[in-house]
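The values are calculated or read from the model by the stated rules, or taken from the named source; none is laboratory data. Quick caveat: nothing in here was measured; it's all calculated off a predicted structure. Neighbour counts are summed over all protein chains in view; Cβ atoms, including those assigned to glycine, are modelled from backbone coordinates with ideal geometry. The protein model used for the area step is the full one, side chains on, heavy atoms only, and it has no ligands, DNA or RNA in it. Shrake-Rupley method; radii C 1.70, N 1.55, O 1.52, S 1.80 Å.
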Amino acid sequence: QAREAVRGLLDAAWSSVRLATGEIPKLPWNEALGARQQLYFTSLPLEPIHAVRKLRGATVNDMVLCGLAGGLHRYLRAIGVRTHALELTALVPVSLRSAEEAATLGNRISAILVPLAVDVEDEVARLAATRAITARLKSDGAWTGIDALLKVLDDLPPALVALAGRGVRN
């Protein structure tokens, strides 16, 4: 168990370093916050989502990630950004509560880094790609590393965490 915990922590640390130091693609939202940026909300009826989810063997989260990837794909293509081989990643919250803990107070959450299938043109193929990605991440226990990293950060002095945070590029 200790070996697995260390491996997960190292995986999460490596992922964090890659995200913080890797090349960030030039995209419209990678600019300083200002008046030009806007936030939009929408709501969708769940019945059609559940119907497609059941038909394709997906989860609701798979459907949300697929919808996000599809929206980003269409938006980026519309503004002239090539999506072929484009790597975008979403930080997705994961509940660590067991079924027995469902009625208890408090949260037990972690997060998982999920690659988005923004380079896939067809919606059915995009959902299949999303399902494959999330299934692999679940089977690998990908959230355990980030959970371990968050626990380590909880135990560090706040000033040290703030100093490390300043070193991460925008």
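Here are a few things to note about the model shown:
- Qualifying residues in segment 95-119 (those that are open to solvent by less than 30 Å² (accessible area, probe 1.4 Å) and in contact (Cβ under 8 Å) with a residue 40 or more places away in the chain) - the one farthest from R53 (Cα to Cα): S110
- Residue tally, condition part of a strand (DSSP E or B) and among the small types (G, A, S), over segment 95-137: 3
- Matching residues, segment 44-62, being of a type in the set (G, A, S) and assigned to a helix (DSSP H, G or I): A51
- Residues that are in contact with a strand residue (DSSP E or B) (Cβ under 7 Å, 6 or more places away or on another chain) and modelled with pLDDT under 65 were ranked within segment 127-149; the one that is farthest from T89 (Cα to Cα) is D147.
- For segment 69-94, a tally of residues being part of a helix (DSSP H, G or I) and either open to solvent by less than 80 Å² (accessible area, probe 1.4 Å) or in contact with a Pro (Cβ under 6 Å, 6 or more places away or on another chain) (or both) returns 6.
- Scanning segment 92-109 for residues that are over 25 Å from G57 (Cβ atoms) and within 19 Å of the chain's Cα centre (by Cα) yields N107, R108, I109.
- All of (1) at pLDDT 85 or above; (2) of a type in the set (A, V, I, L, M, F, W, C); (3) open to solvent by 50 Å² or more (accessible area, probe 1.4 Å); (4) out of contact with any helix residue (DSSP H, G or I) (no Cβ under 8 Å at 6 or more places or on another chain) hold for V124 with one exception: (4).
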